[in-house]
Structures are given as C-alpha cells and as structure tokens.
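Engineer: What follows is a structure written as structure tokens; I'll ask about it next.
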Amino acid sequence: MTDYAADAASSAGTAVTQRTGTASADTLPAGQRVLFQNTGAGAHNLDITIGYTFDGLSPGSAATPGKRRINITASQFLFVDIPPSYGDANGRCALAIDGTAGEVKFWVLAR
C-alpha cells in the first residue's frame with residue numbers, strides 16, 4: 001500500500017505530484033484535499049475508507065459508515081475534502097478505485 005503525503009502550497013508556488021490510481025493499494029492523509037481527474041471514457045467509483053470509531057463502534061458497524069463513495073464521470077475533475085475524522089489510528093484513509101483504476105489521476109494537496 002502506498003501512503004501519499006500532501007503537497008504543501010507556498011507563496012512562491014509549489015510543484016505538485018500527479019498520482020495514478022490503483023484498484024485498492026493507496027492511502028490518503030485525512031484532513032487534506034485531493035483533486036481527482038478521470039481521464040477515461042467511463043465513470044468510476046472512488047471509495048474512501050472511513051477509519052474512525054464512533055461511540056465505541058468500529059468502522060462499518062450499523063452506527064458508522066465504512067466508506068464514502070464518490071462517483072466521477074468521464075473527463076471530470078473533482079475537488080474532494082478528506083475530513084480529519086475519516087482517518088484511522090495512523091491518520092490515513094484507504095482509497096479504492098473500481099474498473100480501470102489507472103484512468104484516475106489525483107493530486108494530494110495540503111489545506
């Protein structure tokens with residue numbers, strides 16, 4: 001699994017690193033922003049795992065969702081905030097992309 005760090009902006013400008021999606025082998029830092037681009041001809045589902053525990057219940061239980069599903073259509077750019085509360089014990093959120101995951105490019109941006 002690849003843990004991507006956020007690229008921080010500066011007043012002088014900052015080069016940002018384009019990432020290419022995989023089926024389920026990436027993690028994102030909670031509390032940051034991600035810009036997604038679908039370069040393919042079809043839509044994709046982006047599943048961001050919600051790793052927090054609420055009121056003693058584990059992720060995916062009846063009281064808490066296990067993931068946040070985001071749909072991205074062909075040629076679309078989406079700017080997504082990853083709330084800090086989505087992070088697991090390490091402050092990370094797994095990202096899974098369906099279909100041909102390599103068609104989804106993304107940039108992890110610090111807030």
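Engineer: So, D98, is that one exposed (fewer than 15 other Cβ atoms within 10 Å of the Cβ) and at pLDDT below 95 or not?
Structural biologist: no
Engineer: May I ask you to verify whether G91 is modelled with pLDDT under 95, on the phi > 0 side of the Ramachandran plot and more than 16 Å from the chain's Cα centre (by Cα)?
Structural biologist: No.
Engineer: Could you tell me which numbered condition N71 fails, if it satisfies all but one of (1) at pLDDT below 95; (2) of a type outside the set (A, V, I, L, M); (3) more than 18 Å from D7 (Cβ to Cβ)?
Structural biologist: (1)
Engineer: To continue, here is another question. Scan V108, V80 and give me the residue that is within 10 Å of the chain's Cα centre (by Cα) and at pLDDT 95 or above. If you could, list the steps in order and put the result at the bottom.
Structural biologist: Working: V108 fails: at pLDDT 95 or above.
It is V80.
Engineer: Of everything in the range 42-59 that's out of contact with any Cys (no Cβ under 9 Å at 6 or more places or on another chain) and within 21 Å of I97 (Cα to Cα), which residue is modelled with the lowest pLDDT?
Structural biologist: P59
Engineer: Hey, among T39, T22, which residue is closer than 16 Å to W107 by Cβ and at pLDDT below 90? Break it down stepwise before answering.
Structural biologist: Numbers: T39 fails: at pLDDT below 90.
Going through T39, T22 in turn, the sole match is T22.
Engineer: I've got another one for you. Scan (1) over 15 Å from R19 (Cβ atoms); (2) modelled with pLDDT of 95 or more; (3) out of contact with any Ser or Thr (no Cβ under 9 Å at 6 or more places or on another chain) for the single condition A62 breaks and write down its number.
Structural biologist: (2)
Engineer: Could you list, in sequence order, all residues of the range 1-17 that are surrounded by 13 or more Cβ atoms within 10 Å (Cβ to Cβ) and assigned to a loop (DSSP other than H, G, I, E, B)?
Structural biologist: Correct list: Y4, A6, V16.
Engineer: Still on this structure, I have one more. Could you run through the range 18-33 and say how many residues are surrounded by 11 or more Cβ atoms within 10 Å (Cβ to Cβ), touching a strand residue (DSSP E or B) at 6+ places or on another chain (Cβ under 8 Å) and part of a loop (DSSP other than H, G, I, E, B)? Steps first, answer last, please.
Structural biologist: Keep residues of the range 18-33 that are surrounded by 11 or more Cβ atoms within 10 Å (Cβ to Cβ), which gives 19-33.
Those left that are additionally touching a strand residue (DSSP E or B) at 6+ places or on another chain (Cβ under 8 Å): 19-30, 32-33.
Among the residues that remain, those that are also part of a loop (DSSP other than H, G, I, E, B) are: 21-25, 30, 32.
Residues meeting the conditions: 7.
Engineer: Between residues in the range 3-23 that are under 14 Å from Q37 (Cα atoms) and residues that are polar (S, T, N, Q) and not in a loop (DSSP other than H, G, I, E, B), which pairs lie under 8 Å by C-beta distance while being six or more apart or on different chains?
Structural biologist: Sorted first by the residue in the range 3-23, then by its partner, the pairs are T22/T2.
Engineer: For the range 77-90, what are the residues that are outside any strand (DSSP E or B), in contact with a strand residue (DSSP E or B) (Cβ under 8 Å, 6 or more places away or on another chain) and within 18 Å of F106 (Cβ to Cβ)?
Structural biologist: I82, Y86, G87
The values are calculated or read from the model by the stated rules, or taken from the named source; none is laboratory data. Source: prediction; values computed, not measured. Note: ideal-geometry Cβ built from the backbone for every residue, glycine included; neighbour counts use all protein chains shown.
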